[in-house]
């Protein structure tokens, strides 16, 4: 059996902050929310997500917009 697909998503909150998250697993399964500390990102769970997603609906979001979320929504400044 092939591993579950991990989807990468971006959602805009009412405060206009974009939140990047990873999601995988059956939509009707119990939800497992994986949290991490600063300055880590959801990437640290890249190997665990497929294992848990075989049985659970897994979501992992980045803690702050200064992590990957910011890179997806803003052009980096060029330093001279």
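Values in this text are rule-based calculations from the coordinates and carry no lab data. All values derive from a computational prediction rather than experimental measurement. Cβ placement follows ideal geometry from the backbone for every residue including glycine, while neighbour counts extend to all protein chains displayed.
Structure data summary
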{"quantity": "Ranked list, fewest to most other Cβ atoms within 10 Å of each Cβ, for 15, 24", "calculated": "15, 24"}
{"quantity": "Peptides ranked, highest mean first, by Cβ atoms within 10 Å: ranges 5-14, 50-59", "calculated": "50-59, 5-14"}
{"quantity": "Cα→Cβ-extended label distance, 7 Å offset, between residue 15 and residue 2, nm", "calculated": "3.9"}
{"quantity": "Spacing of the two label points (7 Å from each Cα toward its C-beta) at residue 31 and residue 44, in nm", "calculated": "2.2"}
